[in-house]
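The values are calculated or read from the model by the stated rules, or taken from the named source; none is laboratory data. Computed from a predicted model, the values in this text were never measured in an experiment. Backbone-built Cβ (ideal geometry, glycine too); neighbour counts: all protein chains shown.
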Amino acid sequence: MFQIVPFLSLGLGIDDMFLLLHNYDEIIHTMRKNEMGILLKETGMSVMVTSINNILAFCAGYVLPIPALRSFCSQTAVLLAFNLMSLMFIFPAFIGLDLRRVRAGRRDLVFCGPASDSEKGEKESGFPYNVSSKDDLTNPAYVDTYTRNQPWYTVGGFLTNFYIPSLKRPIFKVSVLLATICGIIFGLYGMYTTTLGLELADVLPENTAPAAFLKAREKYFSFYPMFAVLRGKTIDFPHQQRLIEEYRDALGSTSYMVKANGRLQPYWMSMLRIWLESLQVALDKEIASGTMDPITGMPIKGQSYDHSMDRTSNNFFSLLIFILQPRPAPEALIARRLVCSYGENYNCTGRIGHVKMVENGIIRPESFYNYLTGWYNIDNMMYYVSQASFQPVPPFWQMSSVRLIILMKASLSSLLQFTCIVPVVIAEVRAVCDAYTAKGLPNFPSGLAFTFWEQYLFLRWNLFCAICIIAFAVFAVISLLMFNPWAAAMVMVIVVIVTIELGGFMGLFGIKMNPISAVSLISAVGIGVEFTAHVVLAFLTSLGSVDDRLESCLQHMFVPVFHGAISTLLGIVMLVFSEFDFVIKYFFIVMTLLVILAVFNGLCLLPVLLTLVGPDPEVGLDGHNVNFLLKIRMLKHLTLSVPLGMRHGFYSLNIVDVIKCMFDLYINLRCLLMFQASPLSSQTGLLLRCRCCRDVRLLLPEM
């Protein structure tokens, strides 16, 4: 997965470069000085909006509680952050060096070679090199008119000759809206019917032996062991035996549990109980036969062999009788020791013949840990057969009580042929575990299925939360930078539509819903901003009627956005040659669909919506904001009024007036940065006023 990061970042990182280059080509033909300042003024806001939203989109991937995906999202976000810094500082510096080369009359490929006479004439007439930076940036004397040569077979020619005229026709708008509605309905249905899961065979190279083995295993031998873990200091094994039995029976009654002939297989407690019952039978049998004392449990006198008989007499018959007489079985002797031990005590008086180790299917609580220790040490083979795991391990023949954390094997396995069934099984088992935890039996399930598939229980909810978070972040960032909530809402609506449609098409191509595809859906919200924010910003700062503004913004942004989409496809096209079908399906196909849907919604649907319910322009036909913007351009100083008052020799600030002052300052600076060069901006300088009682004059750097 981490090998995808360079290709993904390459495709996303160079989109804004086309925007800079497209506007640079126009600016060097229209402006005679300070080209880089004008370039960053016109494109810097768009670059910041799209890059910040891309970074936030991958940061939202942290909502998914999967360490590998969090690492992937963090790496991509960091890489995009460095890409933003490169676009804002390093790449403009290289463009500036290229501009110096053009002014110096050097060739492009052979930079040290002289230019031709025509290039020199163009340089001398169109690019004066020594111009003071204090001159007016937007003085008409330094602004030329430029008409780009756009043949019909180019993207610009298609835009001018075919697309924009078609976009103004009502039938085209209705067709786009109907196609979008159908896409949304299809997307919602596809997201609802998309199956969950990621098979292990999908992450291996196609047509290999390991992949074939895993496919056969998942198809015919899809058994996953399961363990039920009883844990906690409050659990009381001796007195909660019936509750443990009920808990295990409830687990066995869940669906997809495999049973032996319809019955549950034995587990550690049932094996311990069977072992104790067999010992009790042996003890009772020896007492009934008279070989053991019914009170103390000791072998009856005369049954022991005295070695002194060999030295003091030749009573051969006594020795023969001793050898032939019946003796207590080893199981009876073990049973006697267990019956006499309880807690930290060992006393046989009154217990032999009266105390039963198992009564009514319940192991005697006072001696539970003693019996468990004896079973662990004596019947060790059955302990390993039960696959139980005691923590801490019972001591070697120690009579003290031991608190245990027991992995109780349910002796059950689930037959899961499809990953989409696993979450159902996990949900059923989790419900049983939670129910018995509430009854005072702390427990949790464990096993391969719970380790790798439990994330799917909350995948849809986590995905929904992540998309809501990044959508709100997109709205907040664009509202803050553009200071136009309506424009931000339109961008947010478009990227959410892209996400819904992408989810539906993923189901069409057989791409299952899993954490990896969820990251793609989350990042789609941020990546979709690349194809929408540029158009909305250009539409917001264009002048004229709605159709004029639409044509202006498309002429300004359509070509770089389309070139950025092509560059993104070229950045990820190398993934199609990967030997992993997983990479092709979950990254190449998903990202290709994302780019196609984003281009359609950003360059087809969004212009239609802008003509219908688009935001008002910065400067309208009625002239609103004209006086304010003219004042911005008239002076070279920033006049800021801040409320100051003397109190005990110190200046004190009225916090309410200061907040109002900073708010007005932000609005004015935002208008200054976003207002595009036009005949209205024919003067230089700033005049920002605030409603305060005392003036503090601040000087802005002159352009």
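Below is a table of values for the structure above.
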read-out: Scope segment 325-363; condition charged (D, E, K, R) and either farther than 18 Å from residue 277 by Cβ or outside the structural domain of residue 373 (by TED's automatic domain parsing) (or both); matching residues; value: 327, 344
read-out: Within segment 188-208, considering residues that are hydrophobic (A, V, I, L, M, F, W, C) and not in a helix (DSSP H, G or I), the one nearest to residue 221 (Cα to Cα); value: 198
read-out: Filter pass, residue 288 being in the same structural domain as residue 363 (by TED's automatic domain parsing), in a helix (DSSP H, G or I) and at pLDDT below 85; value: yes
read-out: Number of positions in segment 161-182 that are surrounded by 11 or more Cβ atoms within 10 Å (Cβ to Cβ) and either at pLDDT below 85 or among the charged types (D, E, K, R) (or both); value: 2
read-out: Qualifying positions in segment 563-590 - closer than 23 Å to residue 167 by Cβ and surrounded by 20 or more Cβ atoms within 10 Å (Cβ to Cβ); value: 564, 565
read-out: Condition broken by residue 57, with the remaining ones in (1) surrounded by 17 or more Cβ atoms within 10 Å (Cβ to Cβ); (2) farther than 30 Å from residue 457 by Cβ; (3) not hydroxyl-bearing (Ser, Thr, Tyr) satisfied; value: (2)
read-out: Test: residue in segment 359-370 that is within 26 Å of residue 264 (Cβ to Cβ) and basic (Lys, Arg); value: yes
read-out: Test for residue 253: is it more than 21 Å from residue 440 (Cα to Cα) and out of contact with any strand residue (DSSP E or B) (no Cβ under 9 Å at 6 or more places or on another chain); value: no
read-out: Test: residue in segment 170-186 that is at positive phi and touching a residue at least 12 places away in the same chain (Cβ under 8 Å); value: no
read-out: Residue tally, condition over 21 Å from the mean Cα position of the chain (by Cα) and free of Cβ contacts under 8 Å to residues at least 60 places away in the same chain, over segment 478-492; value: 6
read-out: Single residue of 155, 176 found to be in contact with a Cys (Cβ under 8 Å, 6 or more places away or on another chain) and assigned by TED's automatic domain parsing to the domain that holds residue 609; value: 176
read-out: Tally of residues being of a type in the set (Asp, Glu) and over 18 Å from residue 602 (Cβ atoms) across segment 544-576; value: 2
read-out: Members of segment 389-425 found to be at pLDDT 50 or above and either under 25 Å from residue 346 (Cα atoms) or out of contact with any Leu (no Cβ under 6 Å at 6 or more places or on another chain) (or both), listed by number; value: 390, 391, 392, 393, 394, 395, 396, 397, 419, 421, 424, 425
read-out: Residues of segment 32-74 that turn out to be under 17 Å from residue 524 (Cα atoms) and touching a residue at least 12 places away in the same chain (Cβ under 8 Å), as a count; value: 20
read-out: Complete set of residues in segment 187-241 that are among the aromatic types (Phe, Trp, Tyr) and at pLDDT below 80; value: 220, 221, 223, 224, 227
read-out: Residue 472 over 16 Å from the mean Cα position of the chain (by Cα), assigned to a helix (DSSP H, G or I) and either closer than 22 Å to residue 62 by Cβ or not charged (D, E, K, R) (or both); value: yes
read-out: Answer from 208, 180, 194 - the residue that is among the β-branched types (Val, Ile, Thr) and closer than 18 Å to residue 460 by Cβ; value: 194
read-out: Residues satisfying the stated conditions in segment 222-245, i.e. under 13 Å from residue 440 (Cα atoms) and either acidic (Asp, Glu) or surrounded by 17 or more Cβ atoms within 10 Å (Cβ to Cβ) (or both); value: 230, 235, 236, 237, 240, 241, 244
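Residue-wise test of (1) surrounded by 17 or more Cβ atoms within 10 Å (Cβ to Cβ); (2) touching a residue at least 60 places away in the same chain (Cβ under 8 Å); (3) part of a helix (DSSP H, G or I); (4) small (Gly, Ala, Ser).
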site	(1), (2), (3), (4)
444	no, yes, no, no
461	no, no, yes, no
468	no, no, yes, no
476	no, no, yes, yes
494	yes, yes, yes, no
497	yes, yes, yes, no
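Residue by residue, here is whether (1) farther than 24 Å from residue 375 by Cβ; (2) at pLDDT 65 or above holds:
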{"site": "276", "(1), (2)": "no, yes"}
{"site": "281", "(1), (2)": "no, yes"}
{"site": "284", "(1), (2)": "no, yes"}
{"site": "295", "(1), (2)": "yes, yes"}
{"site": "309", "(1), (2)": "yes, no"}
{"site": "315", "(1), (2)": "yes, no"}
{"site": "318", "(1), (2)": "yes, no"}
{"site": "322", "(1), (2)": "yes, no"}
{"site": "331", "(1), (2)": "no, yes"}
